[in-house]
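Enquirer: Just passing along the structure, written as structure tokens.
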Amino acid sequence: MVGARVVEAGGDAAGRAQAEALFADCIDPDADYSLNDRRELVEQLATSPGFVATIACEGDEGERYLYAIAGGGVRVVELADSRDATRALAPRGKRSPSVTAKDPEAVDDLIAALAGSEEDEWVSADDDGGTAIPYRWPTRDALVHALARAAPRWRQRVVRVLAACGQQHVEAVVEAGRVVCVPLHVVADRPADVEAFYRVTNLAPPTDGDRLEVAIAASAPATRPPQFDPARPLTTGGKRQRSDAFSQVRAALRGRDPEPAIQALVAAVRDPANAGATFAELRRDAYRELAKHPHPAIADLFRWGLEHEPDDVVDTVIYVAWRQDALFAELPALAASYAARGDARTAHRIALALAEDA
């Protein structure tokens with residue numbers, strides 16, 4: 001989140017043009033700046049003759065700052081979220097709190113119910129059948145309805161969530177069959193700084209009418225994995241059963257005839273039954289082991305993984321892809337092909353794989 005307002009730009013024409021260009025760079029909401037990067041740009045702006053401006057920005061952890069530039073210096077104001085408009089009353093919620101699935105084998109259902117955030121690629125299961133609630137959401141409605149979908153699937157009785165919905169910070173409380181979400185106020189030592197923040201960000205101060213409440217539906221039945229079938233050990237049963245089966249097949253890769261194990265493991269990694277966060281570690285281990293063996297089916301699997309795997313698994317694919325000589329030789333042409341098709345995401349992933357061997 002970035003907001004700004006220029007009051008005055010002094011100096012000669014060249015100096016004003018330079019300051020205005022630096023100002024535009026400083027407040028670019030799409031720039032990949034850390035808080036320190038933006039702070040350095042603000043300090044450079046302050047050296048521009050006669051430059052007076054107010055800039056609001058947000059840090060990586062959701063903290064908010066106001067920079068008042070005047071007289072060649074910068075006054076830095078750290079703003080706080082509050083449940084009250086007139087005094088600092090800290091929220092009781094947590095940023096990205098963890099919740100645990102009632103059925104550890106159905107944690108994917110819990111993750112799917114939390115879809116709709118701006119961080120979906122980073123939401124994954126942990127070893128205890130839990131996951132973190134994302135922090136950034138496009139709207140309050142998206143957050144509240146996701147919490148209402150997911151709540152019947154987690155064990156916790158009360159969950160308090162801090163979240164950023166667009167430019168607005170909110171606190172949502174999930175308990176007693178409902179989700180209640182209220183926007184948080186911005187407070188500072190000087191009321192004028194609060195007014196300046198709302199003015200430059202074009203945000204309206206919260207009102208009592210901004211409270212949003214949604215009822216939680218009755219508990220939905222969990223989608224359990226298929227019952228274990230000894231004839232299909234790699235794609236049925238729970239995580240532990242499949243992990244044992246994957247380990248046996250990986251061990252067979254080191255035998256005299258690895259061909260059956262290669263075909264079985266390649267098929268299992270691509271099988272939709274092993275998709276999702278619950279089985280991500282199984283797929284990562286399979287990629288690591290398969291990478292050691294030159295085989296057309298394995299090279300084809302890696303091509304598929306570079307395009308289809310989520311970020312937390314493709315990191316492993318990228319890291320070990322260099323071991324596949326035939327695949328590695330064709331990666332530059334493959335990257336160009338994806339770029340020409342407009343698939344910048346896959347082209348970038350291939351470029352990262354190439355860089356691993358640089």
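Read the figures in this text as sums done on the coordinates, not as results from a lab. Computed from a predicted model, the values in this text were never measured in an experiment. Glycine also receives a Cβ, built like all others from the backbone with ideal geometry; neighbour counts cover every protein chain displayed.
Enquirer: Considering only 15, 286, 55, whose Cα is most displaced toward the positive end of the charge dipole of the chain, charges sitting on Cβ of Lys, Arg (+1) and Asp, Glu (-1)?
Expert: 286
Enquirer: Shifting gears a bit: Given springs between every Cα pair under 10 Å in a Gaussian network model of the chain, which of 339, 321, 101 has the largest fluctuation?
Expert: Judging by the Gaussian network model, the answer is 339.
Enquirer: For Rg and Dmax of the Cα atoms in Å, the choices are (1) 25.8, 80; (2) 21.4, 79; (3) 20.7, 68; which was calculated from the structure?
Expert: The value computed from this structure is option (1).
Enquirer: Using a Gaussian network for the chain with springs between C-alpha atoms less than 10 Å apart, which of these wobbles most: 13, 112, 80?
Expert: Fluctuation is largest for 13.
Enquirer: How far is helix 259-270 tilted, in degrees, relative to the longest principal axis of the Cα atoms in the chain, given as a value from 0 to 90 rounded to the nearest 10?
Expert: 30 degrees
Enquirer: Okay, next question. Calculate, for residue 30 and residue 297, the FRET efficiency according to 1/(1 + (r/R0)^6) with r their C-beta to C-beta distance and R0 30 Å; round to the nearest 0.05.
Expert: Here the calculated transfer efficiency is 0.15.
Enquirer: Can I ask one more? Report relative contact order for the chain in percent, whole number only (criteria: Cα-Cα under 8 Å, sequence separation at least 6).
Expert: Rounded, it is 11 percent for the chain.
Enquirer: Placing +1 at every Lys and Arg Cβ and -1 at every Asp and Glu Cβ, with all other atoms neutral, what dipole size does the chain have around its Cα centre, in debye to the nearest 20?
Expert: Around 1080 debye, computed over the chain.
Enquirer: Additional query: Given the options 273, 304, 248, identify the residue whose Cα lies farthest towards the positive end of the charge dipole of the range 239-358 (+1 on Cβ of Lys, Arg; -1 on Cβ of Asp, Glu).
Expert: 248
Enquirer: Still on this structure: Given an 8 Å cut-off on Cα distances and at least 6 residues of separation, report the relative contact order of the range 28-118 as a percent. Write down the numbers at each step before the final one.
Expert: Details: 91 pairs, mean separation 14.8, N = 91.
Contact order relative to length: 16 percent.
Enquirer: Can you tell me the length gained on complete extension of the stretch residue 304 to residue 21, counting 0.36 nm per residue apart and subtracting the Cα distance?
Expert: 97.6 nm
Enquirer: Let me ask another. Just tell me which lysines come within less than 23 Å, Cα to Cα, of residue 94; anything on the same chain fewer than 8 places away is out.
Expert: 102
Enquirer: Among all the aspartates and glutamates, which ones have a C-alpha under 19 Å from residue 292's C-alpha, if same-chain residues fewer than 8 places away are not counted?
Expert: Partners found: 257, 259, 281, 300, 315, 325, 330, 356, 357.
Enquirer: At 0.36 nm per residue, minus the direct Cα-Cα distance, what do residue 356 and residue 85 gain on full extension? Give it in nm, one decimal, please. Don't jump to the answer; show the numbers that get you there.
Expert: On the way: separation 271, 0.36 × 271 = 97.56 nm, distance 5.12 nm.
Separation in residues times 0.36 nm, less the Cα-Cα distance, equals 92.4 nm.
Enquirer: Please state the charge dipole magnitude for the range 2-82, taken about the Cα centre, from unit charges on C-beta atoms (+1 on K and R, -1 on D and E), reported in debye and rounded to the nearest 20. Let's see the in-between values first.
Expert: Details: 6 positive and 16 negative charges, 94 e Å.
Here the range 2-82 has a charge dipole of around 460 debye.
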